[in-house]
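Worksheet: one structure, shown below.
Quick note: the coordinates plus some simple rules give every number you see, no bench work behind them. None of these values were measured; they are calculated from a predicted model. Please note: Cβ atoms are built from the backbone with ideal geometry, for glycine as well, and neighbour counts cover all protein chains shown.
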Amino acid sequence: MAINMLDGLNSDGGTESESALETARRQLTEAAAHINVDDGIIERLKHPTRVVEVAVPLKRDDGTVEVFTGIRAQHDDVRGPYKGGLRYHPGVTAEECIGLSMWMTWKCAVMDLPFGGAKGGIVVNPKDLSTAEKERLTRRFAEEIRDTIGPKRDIPAPDMGTDAQTMAWFMDAYSMQEGETTPGVVTGKPPVIGGSHGREEAPGRSVAIIAREAIRHYDKDIEETTIAVQGFGSVGANAARLLDDWGATVVAVSDVNGAVYDTNGLDTHAIATHDEQPEAVMRHGAPNTLTNEELLELDVDVVIPAAVGNVLTEENANDVRADIIVEGANGPTTFAADAIFEERGIPVIPDILANAGGVTVSYFEWLQDINRRQWSLERVNNELETEMLSAWNDVRQEVEAGDTSWRDAAYIVALNRVGEAKTARGLWP
Ligand code: GLU
C-alpha cells in the first residue's frame, strides 16, 4: 500500500472530503506558479522520499495480542534531518502522513530551520488504550522504526494523541536499544530528560503572536478585537489564553462536544484545557452554547480553527463572518474553501506559519540536547518571539510585493529556500 502512495492521489478522487495529500499537492502547484523554481524540483517535491509502514503488535492488558499499523512518511531532507510529529488517531493513513509531512517541509523552511519534513503515527484510538498499553505500543513502535529515525536523520515529536510522556517512552526505547542515552532523537520530551521549557505551549504561543501581528497588520486594536477559538487542547487553549492576556476578547472556545459563547468575553484561564481535564469546556458556565460549526460562523474579528483538519470547506466558507482566519490546526482549510476566502477578501494566515512555534521550539530543544545545556523559559520565549517575527516579516513582504494570499506567500518563502538548497546540492548521481 505504501508504494502506491508514492505515486498518485487517492483513488476515490472525491473532492468532498479532500485528503491532506490532495490539499498539500494543490497548494504546491498553485504556489509554484508564482515562482521561478525548476519544474523538476517542484515535481520531486510532490512526492515523499519514503514512507515506512510497520506492524506494531501489542499485548493488551487482558493478555490478547492486537496488531496495529505504524507509519512514518519522510518528505524531504535537503535542508536538514526530517522533522515532524507522531499522531495516534484512528484516522491516520499513509496518505494523510505524506500530506502532513509536506507541510512540515514548508513549515521548517518558512521558519528557516535546518530541518526537512516528516510525519507519522499509529492507526489507533488512544482513548481505547490504558496507560500501560500506550507505553508498550510506543516502545514497540520506536523499535520498529528505529532504523528510519535518529537525531541526525529524522526526529519525531508530539502531535494529535501523543504528548511529552509518549516522547519520553519513545526516547527511552530508542536509547536502550542504541546503548546510549539519546535525547535528541525526539523533541517535546519532559524538561527533566532534555525537553525544552516552553515547548508544550509553543504552538499556541506562536498562533497568538501571529494573530496579534495580523490584527495589527489589518489596523485593528487588539483591545477591541473579538476572537473565537475552535479546540481547547494545547494549541487552542494556549493561543486563547495569551490573546486574552494581551487584551483581546475571546468570545467562544470549544472542544469536541461544542462551544461556550459569551459576547462579553470568556475567562479563558477558568476553562479547563483538554490536558487539565478532557472534554470539560461545555461544563464551564456561559450564557450560550454553540456547535463547533456555529463557532466557525460567528461574527468575530478573528477565528482560529485549532482542533482538526478540514473544518473550513466549500460548504461553510461562504458562511464564515470573521475578518481574519488564523490556522492553529494543521490543514483546517480545504483548497476549495481557500479559493472562496480569497475571493471574499478574507485573509487566511496559514498553519505553516501560525503554528510553527512548535517545531521552532523543537529545534531549540534539539540544540539544547546536542549541547547538553538547558535554556531558561525566558530565553526560549524571547527567541521564539524573534523567530516568529522574522518569519512573519518574510511572509508579509511577499504578500505586499506579490499581491498574493498569505498561504501562497508562505509557500513562496519556503519553496525558494528549499529550491535554492536543491539547486546548490544538485541531483545525485
Ligand atoms: N507536530 C507539530 C507540528 O505539526 C510539531 C512537530 C515538531 O516539533 O517536530 O508542527
Problem - Residue check for ARG396: closer than 20 Å to ARG79 by Cβ and either part of a helix (DSSP H, G or I) or in contact with a Leu (Cβ under 6 Å, 6 or more places away or on another chain) (or both) - result: no
Exercise for the section: List every residue pair whose Cβ atoms sit under 9 Å apart, with the two residues 6 or more apart in sequence or on different chains, where the first one lies in region 98-116 and is more than 16 Å from TYR363 (Cα to Cα) and outside any helix (DSSP H, G or I) and the second, anywhere, is more than 12 Å from the ligand (Cβ to nearest atom) and of a type in the set (S, T, N, Q). Expected result: none
Practice task
Can you tell me which residue within region 152-168, out of those that are within 14 Å of the ligand (Cβ to nearest atom) and over 16 Å from the mean Cα position of the chain (by Cα), is surrounded by the fewest Cβ atoms within 10 Å (Cβ to Cβ)?
Solution key: ARG153
Practice task
Might you let me know whether region 246-255 holds any residue that is part of a helix (DSSP H, G or I), more than 22 Å from TRP375 (Cα to Cα), free of Cβ contacts under 8 Å to residues at least 60 places away in the same chain and of a type outside the set (S, T, N, Q)?
Solution key: no
Handout entry: Single residue of region 282-315 satisfying the filter (out of contact with any strand residue (DSSP E or B) (no Cβ under 8 Å at 6 or more places or on another chain) and outside any loop (DSSP other than H, G, I, E, B)) that is surrounded by the most Cβ atoms within 10 Å (Cβ to Cβ)
Key = GLU293
Exercise for the section: List every residue pair whose Cβ atoms sit under 6 Å apart, with the two residues 6 or more apart in sequence or on different chains, where the first one lies in region 143-158 and is part of a loop (DSSP other than H, G, I, E, B) and the second, anywhere, is within 14 Å of the ligand (Cβ to nearest atom). Expected result: ILE145/ARG72; THR148/ARG72; PRO151/GLY184; PRO151/VAL185; LYS152/PRO81; ARG153/PRO81
Handout entry: Test for ILE149: is it within 20 Å of the chain's Cα centre (by Cα) and farther than 24 Å from PHE364 by Cβ
Key = no
Exercise for the section: Sort out which residues of region 344-358 are touching a Phe, Trp or Tyr at 6+ places or on another chain (Cβ under 8 Å) and more than 9 Å from the ligand (Cβ to nearest atom), and write them in order of number. Expected result: PRO347, VAL348, ILE349, PRO350, LEU353
Handout entry: Answer residue from region 243-281, given it is of a type in the set (Val, Ile, Thr) and under 21 Å from the mean Cα position of the chain (by Cα) and is surrounded by the most Cβ atoms within 10 Å (Cβ to Cβ) among those
Key = VAL253
Handout entry: region 399-426, subset part of a helix (DSSP H, G or I) and free of Cβ contacts under 8 Å to residues at least 40 places away in the same chain, residue surrounded by the fewest Cβ atoms within 10 Å (Cβ to Cβ)
Key = ALA424
Problem - Filter result for ASN318 (without any contact (Cβ under 8 Å) to a residue 12 or more places away in the chain and more than 17 Å from the chain's Cα centre (by Cα)) - result: no
Practice task
Could you please let me know if ALA239 is within 16 Å of the ligand (Cβ to nearest atom), surrounded by 24 or more Cβ atoms within 10 Å (Cβ to Cβ) and among the hydrophobic types (A, V, I, L, M, F, W, C)?
Solution key: yes
Exercise for the section: Inspect region 81-93 for any residue being among the charged types (D, E, K, R), away from the ligand (no atom under 12 Å from the Cβ), in contact (Cβ under 8 Å) with a residue 12 or more places away in the chain and assigned to a strand (DSSP E or B) and give the result as yes or no. Expected result: no
Fill in the blank from the handout: Here the residues within region 165-187 that are part of a helix (DSSP H, G or I) and closer than 21 Å to PHE115 by Cα are MET167, PHE170, MET171, TYR174, PRO183, GLY184, VAL185
Problem - region 171-224 - residue that is surrounded by fewer than 24 Cβ atoms within 10 Å (Cβ to Cβ) and among the basic types (Lys, Arg) and, of those, farthest from the ligand (Cβ to nearest atom) - result: LYS220
